[in-house]
Amino acid sequence: MTAKRYLFTPGPTPVPPQVLAAMGEPVVHHRSPDFRPVYERCLARLREVCRTEQEVLLFTASGTGAFESAVANLVSPGESHLVVSAGNFGERWAAMTSGYGADVDHLCYAWGETPDPDDVRARLREHESKAVWVVHSETSTGVVADVQAIAAAAKEAGALVVVDAVSSLGAVPCETDAWGLDVVVSGSQKALMTPPGLGTCAVSEAAYAATGSAARFYFDWERTRKAQAKLDAAFTPPVSLVAALDVALGLLLEEGLDAVFERHIRLGRAARAGAKAMGLELFSPDEDRSAVVTAIRAPDGVDSSAVVKGLRDRFGMTIANGQGDLLGKIFRLGHIGWFDVFDIVTMLAAVEIVLADLGADVERGVAVTAALEAYEHTPVH
Ligand code: PLP
């Protein structure tokens, strides 16, 4: 038998069979009636999932490309922008905005810290900025920031808010319009349960009105917006991926976004309960908001790279190592998108076996029970 493979990373994530089947349909022409209804429905569903009335721009790119569209459209050389970072992706956005010539005020936390809205407020008082750039779910650490409160602080100072929701959209609440988020960027391969290749970008009227002078073409918001309004994509879209995303968004909306968020909270609780029952120390916060990825410290004397390798070699399971300085120190269990509690239990059982093999002093047989209990018996409301 070919070994079964399990994808337990915080992106790419497992893709449901209905979504994969949509990818297998014959390729259609993007300027024909074969594609337009799919495109229209996909864009409408995207607005629902982003909880916005605005058109959500769709780019043929990974999340970073969609994010670069925000930088290319909003940053003019020499302008002041506040970038909040507390991990790998926040630091990437500081580098990218600087690369486009922004005068970056970098509110830089240590990896694993949770950004504080009051710090944002104070920084904006000291130093006026056109926009605040913030990561909702910092996938490198497992921290989910309170974007609603950060957005409120930015609004008080009259700044735009740009949110990296690449790993959070469709997993935890991200209320684009209600929270006053000007730009919300995401990607297809995370909680949206679709293969990699599509980047999404919700843009407010205030953000369109504030576009800057940086050179851009493929990622120009106005060009994409006008084309989408006529269902006539500016450039050839990956029609098979759009068809797949349409099906995946339909699945999310059929389950109901609130039910989806509740499932993720319970998955996060199950993962943390299992890890703690084994005697492991969490790196990501032990709180419900941290429902995207559970980051766990490798026990003393164990390199997390060996845990990642052990899961892969013995069980065909892919989990994520730490990034940057956390490489070898933590391992990360993703649980966004097409996940249920038995995926959590499967990973925990395998982690337990691999850690024992590596000589770690873990208590055997308790993680699975603790995870199931946490999933079943802790009401969310
Ligand atoms: N931002 C966050 C929070 C992410 O988790 C990722 C991907 O892991 C990215 C940005 C980059 O997205 P992509 O790899 O799709 O370009």
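We did not get these values from a lab; they are worked out from the coordinates using the rules stated. It should be emphasised that the depicted structure is a prediction, and the values quoted were computed from it without experimental measurement. Glycine also receives a Cβ, built like all others from the backbone with ideal geometry; neighbour counts cover every protein chain displayed.
Note on segment 332-373: Cα-only Rg and Dmax are 11.0, 33 Å. Round to the nearest 0.05 the FRET efficiency obtained for Glu126 and Ala178 when R0 = 41 Å and r is the Cβ-Cβ distance. E between Glu126 and Ala178, to the nearest 0.05, is 0.90. Straight-line cross-link reach from Lys155 at under 16 Å between alpha-carbon atoms covers these aspartates and glutamates, not counting any fewer than eight positions away in the same chain: Asp116, Asp118, Asp119, Glu126, Glu128, Asp146, Glu175, Asp177, Asp182, Glu205. Taking the DSSP bridge list for segment 27-181 and keeping only pairs wholly inside it, about 10 percent are antiparallel. Taking only the Cα atoms of segment 1-105, the ratio Rg/Rh comes out at 1.08, with Rh defined as the Kirkwood radius. Using the alpha carbons alone, the radius of gyration of the chain stands to its Kirkwood radius in an Rg to Rh ratio of 0.98.
Extension gain, Glu287 to Phe342, is 17.7 nm, computed as 0.36 nm per intervening residue step minus the present C-alpha separation.
Extension gain, Glu363-Tyr218: 0.36 nm per intervening residue step, less the Cα-Cα distance, totals 46.8 nm. Restricting to the chain, what percent of DSSP beta bridges are antiparallel, rounded to 5? DSSP beta bridges in the chain are roughly 50 percent antiparallel. Of the GluC sites (Glu not before Pro) found in segment 39-128, the ones in coil according to DSSP and having at most 13 other Cβ atoms within 10 Å of their Cβ are Glu53, Glu128.
Label positions at Leu231 and Gln323, each projected 7 Å from the Cα along the C-beta direction, are separated by 3.7 nm. Using the Cβ-Cβ distance between Arg36 and Glu376 with R0 set to 45 Å, the FRET efficiency works out to roughly 0.50.
Comparing Val166, Val341, Val293 in a Gaussian network model of the chain where C-alpha atoms under 10 Å apart are linked, the largest mean-square fluctuation is found at Val341. Excluding same-chain neighbours fewer than eight residues apart, the aspartates and glutamates reachable from Lys230 by a Cα-Cα span under 16 Å are Asp34, Glu40, Glu55, Glu222.
Computed from the Cβ-Cβ distance with R0 of 41 Å, the FRET efficiency linking Gln18 to Lys155 stands at 0.55.
Taking each residue as 0.36 nm, the span from Ala95 to Ala210 lengthens on full extension beyond its C-alpha to C-alpha distance by 39.3 nm.
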